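Undergrad: Encoded as structure tokens, here's the structure I'll be asking about.
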Amino acid sequence: MGKYQVKVDMLLCQGHGVCADECPEVFEVVDTGTGYPKVKVKQARPSESLRSKVQDAVNFCPNQTIRIIELD
Ligand code: SF4
């Protein structure tokens, strides 16, 4: 487990799926049953080896909904 946590503001997520393209190990776009797809965070505490891919998802999410929270 890495020393960071992944958080997504679900209200702002519009299901573009850029995050899942950048880091499919952590992000997946799912049908929410409302007709609007949303991201699903598959691992809230990914390994350090995935950090750069998660950071790419943060950087490229069109809605800037993803945050990395550093843990002690
Ligand atoms: S790229 Fe951003 S807005 Fe799009 S599905 Fe991922 S978290 Fe949601």
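The values are calculated or read from the model by the stated rules, or taken from the named source; none is laboratory data. Predicted model only: the values in this text are computed from it and were never measured. Reconstructed Cβ throughout: ideal geometry from the backbone, glycine too, with neighbour counts over all protein chains shown. All accessible areas refer to the heavy atoms of the entire protein, side chains included, with ligands and DNA or RNA removed. Shrake-Rupley method; radii C 1.70, N 1.55, O 1.52, S 1.80 Å.
Undergrad: So which residues in the range 59-72 are away from the ligand (no atom under 12 Å from the Cβ) and loosely packed, with under 13 Cβ neighbours inside 10 Å, if there are any at all?
TA: 69, 70, 71, 72
Undergrad: Of the residues that make up the range 4-11, is at least one of a type in the set (D, E, K, R), open to solvent by less than 60 Å² (accessible area, probe 1.4 Å) and out of contact with any helix residue (DSSP H, G or I) (no Cβ under 6 Å at 6 or more places or on another chain)?
TA: Scanning the range 4-11 turns up no residue that is of a type in the set (D, E, K, R), open to solvent by less than 60 Å² (accessible area, probe 1.4 Å) and out of contact with any helix residue (DSSP H, G or I) (no Cβ under 6 Å at 6 or more places or on another chain).
Undergrad: For residue 30, all conditions in the list (1) within 11 Å of the ligand (Cβ to nearest atom); (2) β-branched (Val, Ile, Thr); (3) modelled with pLDDT under 95 hold save one; what is the number of the exception?
TA: Condition not satisfied by residue 30: (3).
Undergrad: In the range 33-58, which residue that is away from the ligand (no atom under 11 Å from the Cβ) and more than 19 Å from residue 70 (Cα to Cα) is most open to solvent (accessible area, probe 1.4 Å)?
TA: Selected residue: 34.
Undergrad: Would you say residue 58 is free of Cβ contacts under 8 Å to residues at least 24 places away in the same chain and not in a loop (DSSP other than H, G, I, E, B)? It would help to see each step written out before you state the result.
TA: Numbers: free of Cβ contacts under 8 Å to residues at least 24 places away in the same chain: yes; not in a loop (DSSP other than H, G, I, E, B): yes.
So residue 58 passes the test.
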